[in-house]
Structures are given as structure tokens and as C-alpha cells.
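Report on the following structure.
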Amino acid sequence: MVSEGITVLGSTGSIGENTLNVLARHPDRYHVVALSAHANVTRLAEQCRQHHARYAVISDVTKTGELQSALDRLACAAEVLGGNEALSAVVRMDETEVVMAAIVGAAGLEPTLHAVQSGKRLLLANKESMVIAGELFRKAAAEHAATIIPVDSEHNALFQVLPQNFDDGLESAGVERLILTASGGPFLHRDRESLRNITPAEACNHPNWDMGRKISVDSATLMNKGLEVIEARWLFNARPDQIDVIIHPQSIVHSMVAYRDGSVLAQLGMPDMRTPIAYALAWPERIEAGVKRLNLTDIHKLEFYQPDLDSFPGLALAFRVLETGGNAPVIFNAANEIAVEAFLQERIGFLQIPSVVSAALDACEAGRIDNLEEVLEYDRLARTATSRIIHMKKVSKN
Ligand SMILES: NC(=O)c1ccc[n+]([C@@H]2O[C@H](COP(=O)([O-])OP(=O)(O)OC[C@H]3O[C@@H](n4cnc5c(N)ncnc54)[C@H](OP(=O)(O)O)[C@@H]3O)[C@@H](O)[C@H]2O)c1
């Protein structure tokens, strides 16, 4: 078997660590070209030594010296590269055949898009990239014959149960609806009033998944499901009215596709990201992922509920954004990133996250998106507007 060269962007995060865990089970099948972190020098150096990475990329350029020293201490020969341009450089290298995009937030956009533009196989965890630049991704994938395989467990599930070819639209492939499942997060069945004084630690304590802090908060607000609805629109060329969300607290059914003949196909599995990661890595084959096997008689029951849009208005906001189109998804995502950061720093409350995002959507001028520069500019403007909104709310609270 010919070994494939993999670059993992965001290797020190939750998806990055899980990816390396799967790769280590298949040393004959894959080799690591480059690993990247933003600031976590110590973990990046350890990973480079353990996985024999050729390049160690630190996007915070001020930390290259520190990274070199950490690698020297471990007698690791990985070459140090620094800055955002280095992320795109390792993605474009011929040695990189497959890119795992696992940076969190819009910071992952440029290298992720460059992976598609250089015709690489893209394993997409960084959903924010697809949310803010979905149309650019679709065009680039068609133009450069790049394959995009979703890693998000819901989209990976849909990818597994959709027909192979739906290029002419879901309808012509016999698909009626995409049904995204959502665990409901740590505050399922809680009324709005009881969410007023939620702390960052409570919001990050997800009942089923062990994830990074940003996506954990997004899961608690259901903003994550909103981002996933927009992600699904672009990944699967779906109309907004073809996408449903249902709450499924056990996180065993990862999503479903409803077909015209009344069949509903679902993908089930334990809530462990190594399954979708392994599927994305080996597609169309299947490889061992180290995951505990699902035994439905241990689980006993699988429940399904309608989402509560009153306590969790972020989901309804996402559907509104999808209908609006243009730069609205960019504003939605940027405002959410700034609001989550402010919540984690205890500058705003949990319930203020969706209201800040909604206020940012109202405050920013609508526009169309034709290229990457426009995405970056609208992202910048939305971040500035959101910071101002948060600042003003803080002033009025005091
Ligand atoms: N975790 C999950 O189970 C899960 C499931 C589905 C989808 N996703 C998606 O996968 C992505 C990663 O999530 P995660 O939970 O793995 O996040 P995470 O644990 O917070 O890790 C984020 C990674 O991105 C790096 N990073 C952070 N800021 C950066 C910046 N400005 N520039 C470059 N790199 C930066 C981090 O480096 P440092 O460690 O140095 O900060 C780290 O390697 C997100 O888009 C998330 O929505 C995650």
C-alpha cells in the first residue's frame, strides 16, 4: 500500500488529537507531512516527535523561537515554519495529499480554501470556513477537482447515507430532506430564565462529546446547529427548506436522510469523533478507529424532540441568515465568535450570545460575496461592529 501524506491544521486541538490517534493506528497507510498549532508550542513539539512530522507550523509567528527550542530538547528534526502564510504553504506542498482542516473559527479559512484550490483531498472539520465562504468552496472544488469530505459527525453521517451523486440537486437524487440531529447540549429542557447565570465551565461541560471550548459553547447555545445548517446547505447543495433539525439527546443517530419513497437512512455510532475522522481519512474504504462498539441494548432508548427555539434562538437566526444569503453568514459567524469569546471571558452572559449576534446582523450593511477578499473584509467589519455592541451593552449594564 502506498502511504499518503497528511497535513493536520490545528493538530493540538480536540479534532487534531483525535486525528493523530487514528493515524497512529495505520502507520503503513499514512505519514504526517505537517502539523500546526496557534500557540501550544509544547504539545506541537511532542506531536511532531511522536508522528515524525516533516514540518512544525506555529501560526503565532512570535513563538517560532520557542518552538525550535522545544523541538531541539526532544531531538526532533521537524522544520519550523511560522505565520499564517506557512499554513497555506504546507497545504500546497506536493508532499501533502490530504489536509485535515481542524483549526477553530474563521482563522482556518485561508489554508482550508487553499487546500481545495490546490486540488487536495480536504477533510473538513473547520465548519466556520464553509459557513462563511460556502459558494467559494463549491466553485473551487469543481474547478480544481478537489474532494471535500465532511468530518463534522452530522455531515459525515449524511455523506455516508446520501447517494453517491447528487450534483444535479438533492431532489433529482430522490432525497426529500436532510435531518440533522442535535444533542441539545448541557441545557436541554431548561427554560430561558434558568439560563441567565450560566458560567463558562457549565456551558463547556457537554454531556456526550469532549470538544474544544468554542464549539462546546456553540453546542450549548445551539449556535453550533445553526452553523451546521448553513454548512449542510453548501456541502450538499441543499435548499434551506430541505434541512430539518431534531433534538436527539443520546447522540447515537448522527443524522438522517429522508427519501421520496418514505425510506429514512440513518448513520449510528458511539459519540466518538474518531469514527467520522477514520471514515473521512479512508473513504471510500473503512479502517479501524479504536472506537467502542455500539450496543443498542445497552443504550435502551433513543429519544427525539423538536428544538426549543425560545430558549435557544440561535437556530432560528441561522435559518434567517440562510434565507438572507450574501454576507449574512459571514456576519453571523464573526459575531458569534466574538460573542463566545466575550462569554468565555465573562464579559457577557450566556443569553446575550444570540442577542449580540442578532444585533450585529441588524447593525452591519448587507452585501454580496464574490471573492475571498470580500469575505475577509466583511468578517473584519462584523468583528468591529460586534465588539462595539458588546462594549455598549456592558456600559449600559453598569
Ligand atoms: N471537537 C469536536 O468534537 C468537533 C466536532 C465537529 C466539528 N468540530 C470543528 O472542528 C474545528 C476544531 O474544533 P476543536 O474542538 O478541535 O477546537 P480546539 O480544541 O479549540 O482546537 C483548535 C485548534 O486550532 C488552533 N488554533 C486556534 N486559533 C488559531 C488561529 N487563530 N490560527 C491558527 N490556528 C488556531 C489551536 O491551536 P492551539 O492549541 O495552539 O491554540 C488548535 O490546534 C472547529 O471548527 C469545530 O467547530 C469540532
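The values are calculated or read from the model by the stated rules, or taken from the named source; none is laboratory data. What you are looking at is a predicted structure, and each value in this text was computed from that prediction instead of being measured. Every residue, glycine as well, gets a Cβ built from its backbone with ideal geometry; the counts of neighbours run over all protein chains shown. Side chains are part of the model used for accessible areas, which takes the heavy atoms of the whole protein and leaves out ligands, DNA and RNA. Shrake-Rupley method; radii C 1.70, N 1.55, O 1.52, S 1.80 Å.
Averaged per residue, what accessible surface does region 19-63 expose to a 1.4 Å probe, in Å²?
Heavy-atom SASA per residue in region 19-63 reads 44 Å².
Just check region 1-139 against the gyration tensor rule for me: Cα atoms, a ≥ b ≥ c as the square roots of the eigenvalues, rounded for a/c under 1.5, and otherwise prolate or oblate depending on whether a/b exceeds b/c.
In terms of gyration-tensor shape, oblate.
For the ranges 201-211, 28-38, what's the packing order if you count other beta-carbon atoms within 10 Å of each residue, average per peptide, and put the highest first? Each step should come with its number before you reach the end.
On the way: 201-211: 15.8, 28-38: 22.2.
Result, highest mean Cβ count within 10 Å first: 28-38, 201-211.
Given the Cα-Cα distance of ALA75 and GLU346 and 0.36 nm per residue of separation, how much length would full extension add, in nm? If you can, show how the numbers build up before the last one.
Details: separation 271, 0.36 × 271 = 97.56 nm, distance 4.08 nm.
That works out to 93.5 nm of additional length.
What's the carbon and sulfur percent of region 17-101's accessible surface, probe 1.4 angstrom, rounded to a whole number? Show your work: numbers first, answer last.
Numbers: 1810 of 3910 Å².
After summing per-atom areas, the C and S share lands at 46 percent.
Classify region 67-178 from the C-alpha gyration tensor, please: rounded if a/c falls under 1.5, else prolate or oblate depending on whether a/b exceeds b/c.
Details: a/c = 2.57, a/b = 2.25, b/c = 1.14.
Prolate is the answer for region 67-178, as a/c is 1.5 or above and a/b outweighs b/c.
So, counting K/R as plus one and D/E as minus one, what does the shell of residues with Cβ under 13 Å around HIS144 add up to? Each step should come with its number before you reach the end.
Numbers: positive: ARG92, LYS120, ARG121, ARG138, LYS139; negative: GLU143.
Charge balance near HIS144 sits at +4.
What aspartates and glutamates sit close enough to LYS301 to cross-link, taking a C-alpha to C-alpha distance under 19 Å and skipping anything fewer than 8 places away on the same chain?
Reachable aspartates and glutamates: ASP272.
Based on the Cβ-Cβ distance from VAL2 to ASN371, what FRET efficiency comes out when R0 is 30 Å, to the nearest 0.05? Spell out each step's value before the answer.
Numbers: r = 36 Å, r/R0 = 1.21.
The formula returns an efficiency of 0.25 here.
Considering Cα pairs under 8 angstrom that are at least six residues apart, work out the relative contact order of the chain and quote it in whole percent.
14 percent
Return the calculated 222 nm mean residue ellipticity for the chain, to the nearest 500 deg cm²/dmol, obtained by summing -39500 (n - 2.57) across DSSP H runs with n ≥ 4 and dividing by the residue count. Write down the numbers at each step before the final one.
Details: 16 runs with 182 residues, N = 398.
The helix-only estimate for the chain comes to -14000 deg cm²/dmol at 222 nm.
Quick one: dipole size for the chain, taken about the Cα centre, charges +1 on Lys/Arg Cβ and -1 on Asp/Glu Cβ, in debye to the nearest 20. Each step should come with its number before you reach the end.
Values: 37 positive and 50 negative charges, 161 e Å.
Computed charge dipole of the chain: roughly 780 debye.
At a 1.4 Å probe radius, carbon and sulfur cover how many percent of the accessible area of region 155-274? Please list the in-between numbers first.
Details: 2180 of 4690 Å².
Percent of accessible area from carbon and sulfur atoms in region 155-274: 46.
Accessible area per residue for region 256-315 in Å², computed with a 1.4 Å probe and the full protein assembly in place, what is it? Mind dumping the intermediate values first?
Details: 3430 Å² over 60 residues.
Ligands and nucleic acids excluded, the figure is 57 Å² per residue.
Starting from the amide H of HIS38, placed 1.01 Å from N in the peptide plane, find each other amide H under 5 Å away whose residue is 5 or more places distant or on another chain.
The list, which skips near neighbours in sequence, is SER59.
In a shell of Cβ-Cβ distance under 11 Å around THR96, excluding THR96 itself, what net charge do Lys and Arg (+1) and Asp and Glu (-1) give? Don't skip to the end; give the middle numbers.
Working: positive: ARG54, ARG92, LYS120, ARG121; negative: GLU4, ASP94, GLU95, GLU97.
Spelling it out: positives minus negatives among the neighbours equals 0.
Using the Karplus equation 6.51 cos²θ - 1.76 cosθ + 1.60 (θ = phi - 60°), what ³J(HN,Hα) coupling, rounded to whole Hz, does each residue of region 19-33 give in order, writing x for Gly and Pro?
Ordered by residue, 3J(HN,Hα) equals 5, 5, 4, 6, 4, 5, 7, 9, x, 7, 9, 9, 10, 8, 8 Hz.
Based on the alpha-carbon gyration tensor of the chain and its eigenvalue square roots a ≥ b ≥ c, which shape applies: rounded if a/c is under 1.5, prolate if not and a/b is larger than b/c, or oblate?
Cα axes put the chain in the rounded bin.
Once you place label points 7 Å from the Cα toward the Cβ at HIS189 and HIS300, how far apart are they in nm?
If labels sit at HIS189 and HIS300, their model points lie 1.3 nm apart.
Given points 7 Å out from each Cα along the Cα-Cβ axis, report the ARG260 to ARG293 separation in nanometres with one decimal.
3.8 nm
Summing +1 for each Lys or Arg and -1 for each Asp or Glu, what net charge is found among the other residues whose Cβ lies under 14 Å from the Cβ of ASP244?
On the way: positive: ARG177, LYS225, ARG233, ARG239; negative: GLU154, GLU176, GLU228, ASP241.
Spelling it out: positives minus negatives among the neighbours equals 0.
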